[in-house]
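These notes are about the structure you will find just below.
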Amino acid sequence: MEYIVDAEEMRRADENTIQYFGMPQLVLMERAALAARDAILRKWPEIFSGSVRILVAAGNGNNGGDGAALARLFFLAGHDVTVLVSGQEAKYSSAMKKQMEILKKYGDDHTGRKDEFADGGNRYKDHGLSVPADSGQKVKAGGNLRILTDEEWKAKTGGNLRILTDEEREAEAGQNLQTLTDERRMSETGKSAGDYDLAVDALFGIGLSREVSGIYREKIAWLNQLSGKKAALDIPSGISAQDGSVLGCAFRADLTITFGFWKRGMLLYPGREFCGERKVADIGITAESFQGEYPAGITLDKKSEVTGEMLLSRSPDSHKGSFGKVLLFAGSAGTPGAALLAGEAVLRSGAGMLQIVSPAENREIMITRLPEAMYQVLAEDTDWEKLLGWCDAVVIGPGIGQGRLAEQSMEKILTHMSEMERQKPVVLDADGLNLAASSGRLSGLIKAYTAMGGIVIMTPHMAELARLLHCGMQELQSARLKNMERFVRESGAVLVGKDAATVVGYADKGVFRYYINQTGNSGMATAGSGDVLSGIMGAMAALTAVKLNRKAGKEKEAAVREAYFRTAYRAVYLHGLAGDKAAEKSGEISMKAGDLIGALPELLRECTDQRRTAGVQRYFFGDTGNGN
């Protein structure tokens, strides 16, 4: 688990590291530059075999200071470096001013030593980095350093930048939001702008909150036209660290190295797309710097060592009831597909038992395709009280339609759940969500159930969430997290906002906490993918309920809600990983929902193996804190 910060949370952590712990700002900056250099070298070792032309676009704040420090490291390694500074020197932050003073002194010191040479393949050997040598080519120990002001840059480019409209951009395939005409793409040397092997964006960092305009807009337009590799420090300039929106225009990076913690804007779209590959670098700002006021957001990276933590432990001294019993209300007359997908996902995700309630028309195909599941015919007199007494978790909604019987059945379920001595988790998906959005009675029952300590996990895609919030899509997307926060406070639910970057949120003692997912791919945008998630969610919620019931009376309500929040985001994470595995086999274009289910056995086996390995490590080396 890793923290996500917004601009204010990162500012506070940075300030506490410097002021409270006494870590000098220049030390943090140096570590940031070293981390960025190492990440760039590991990403593109092939371009560093000989003399490299590097451009660093530096703003006048601390992000610019990071860029200046990185420029110095590359310059001292023998590369030709151009630093494009911004604004008047009098407006530099103190750290940026100091970094530029250091850079200029090193530049002056190397002017008399241009005949010294070093082996281009060995210059980084002291840092444990492998960079291929360029067939005996020798590289100057100190490259050329150029510092370019705004005025000099505009003079060299002629100040002739053409900003494209959206229509022009679409017409000129391959172009970004802004572009230069070919004949005007001139660098400060008069050569093609594409002569730079690497361009580094250090203009704004995470503090930007207004739309980019003026010369900064022109610079970003120009930088985006360079044909070499592109890296951004902390976050691409023009991307809001708060919500990932594009503030007028934005640098499009191939690699983004962010410092300390994930920034919210680099995990949400469209900002996530502008980041390219994303890396978090440790520069000495740790969780201790939050001083007990921890960020609201968390995430999990696509790291293999994480997956072993996703599963709750399974004792060898168990029976089928030990792993949870799921009641699935799904499917409508003659349309059993959603019920089949959700049901198979329940069984493939480790649930011990499954009982499906669906119309009589679906009975034959259900018992043929899913013989492991029990089947109950949906009717006016379905004994919901008995069924709810049997199960550990309930899934409502996949494919049930929005007819009278579906609505009445959902009302009966929620009413009986509220009257039961032991609350059980409810997963609401698809038509279950649509019914809740259109019925004040049902939404009231949901609120009443959560108010008495019951758990409701709601899994809407964006259109369904807009219906639940009774707002338009544009209004929802413009302030997605704020709208989600409002909903979970009002409903008491754990909310899973499905999207390209799925967000899971809940209210913890009045504080909104959220998780942003990083697994999955575009191939999952296919019919039935959400039904698979509801099945995975139901299975994991049932097992969580079994685990918590064994601790009856020991877990406080806040701890129970947190446990189901973890369950929800772990289900989302595994659902995305299954999608990634399916894409490896079928490709994103040809994927269908069933491929996700097909990927679950191998994925969960790998998770189990990793968990066992972690258990052995804890036995020999002590508890790592990841057990559950």
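A short reminder: the numbers here are calculations on the coordinates, not readings from a lab. Keep in mind it's a predicted model, so treat the numbers as computed, not measured. FYI the Cβ positions are ideal-geometry reconstructions off the backbone, even for glycines, and counts take in every protein chain you see.
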- Message: Can you tell me, using C-alpha contacts under 8 Å and at least 6 residues apart, the relative contact order of segment 387-467 as a whole percent?
- Response: 35 percent
- So what are the ³J(HN,Hα) numbers for segment 281-288, from phi and the Karplus equation (6.51, -1.76, 1.60; θ = phi - 60°), rounded to whole Hz, Gly and Pro as x? 10, 7, 10, x, 9, 10, 4, 4
- Peptide ranges 420-432, 6-18, 452-464 listed from the most packed, as the mean C-beta count within 10 angstrom indicates: 420-432, 452-464, 6-18
- For each pair in 424/447; 302/509; 263/498; 91/229; 279/556; 219/303, compute the distance between the two Cα atoms and list the pairs where it is over 26 Å. 302/509; 91/229; 279/556; 219/303
- Message: If I model a spin label as a point 7 Å beyond the Cα along the Cα-Cβ vector, how far apart are those points for residue 558 and residue 447 in nm?
- Response: 2.4 nm
- Residue-wise, which Karplus ³J(HN,Hα) couplings in Hz belong to segment 147-156, taking 6.51 cos²θ - 1.76 cosθ + 1.60, θ = phi - 60°, and x for glycine or proline? 10, 10, 7, 4, 5, 5, 5, 5, 5, 6
- Relative contact order in percent for segment 255-370 (Cα pairs under 8 Å, 6+ apart) equals 19 percent
- Message: 5 Å is the cut-off here: which amide hydrogens, built 1.01 Å from N in the peptide plane, fall below it relative to residue 249, excluding neighbours closer than 5 in sequence?
- Response: 212
- Query: When only Cα pairs under 8 Å and 6 or more residues apart are kept, what is the percent relative contact order across segment 475-619?
  - Reply: 24 percent
- Message: Order 38-47, 362-371 from most to least packed using the mean count of other Cβ atoms within 10 Å.
- Response: 38-47, 362-371
- Ordered by residue, what ³J(HN,Hα) values in Hz, to whole numbers, does segment 426-440 give under the Karplus form 6.51 cos²θ - 1.76 cosθ + 1.60, where θ = phi - 60° and Gly and Pro are x? 10, 9, 10, 9, 6, 5, x, 6, 5, 5, 5, 5, 9, 10, x
- Task: Express in whole angstrom the spacing between the alpha-carbon centres of segment 211-254 and segment 275-298.
- Result: 22 Å
- Query: By its C-alpha gyration tensor, with a ≥ b ≥ c as the square roots of the eigenvalues, how is segment 397-485 shaped: rounded for a/c under 1.5, else prolate for a/b larger than b/c, else oblate?
  - Reply: oblate
- Message: If you average the C-alpha positions of segment 480-501 and of segment 557-574 separately, how far apart do those two centres end up, in angstrom?
- Response: 14 Å
- Which residues qualify? For residue 298, with a placed amide H closer than 5 Å and at least 5 residues away or on another chain, they are 4, 514, 515, 516
- Gain in span if fully extended, residue 101 to residue 412, counting 0.36 nm per residue against the direct Cα distance: 104.7 nm
- Note on the structure: Spelling it out for residue 199: with amide H atoms placed in the peptide plane at 1.01 Å from N, the residues 5 or more places away or on another chain with amide H under 5 Å from its amide H are 55, 229, 230, 231
- Note on the structure: Ordering 533-546, 228-241 by per-residue average of other C-beta atoms within 10 angstrom, highest first, gives 533-546, 228-241
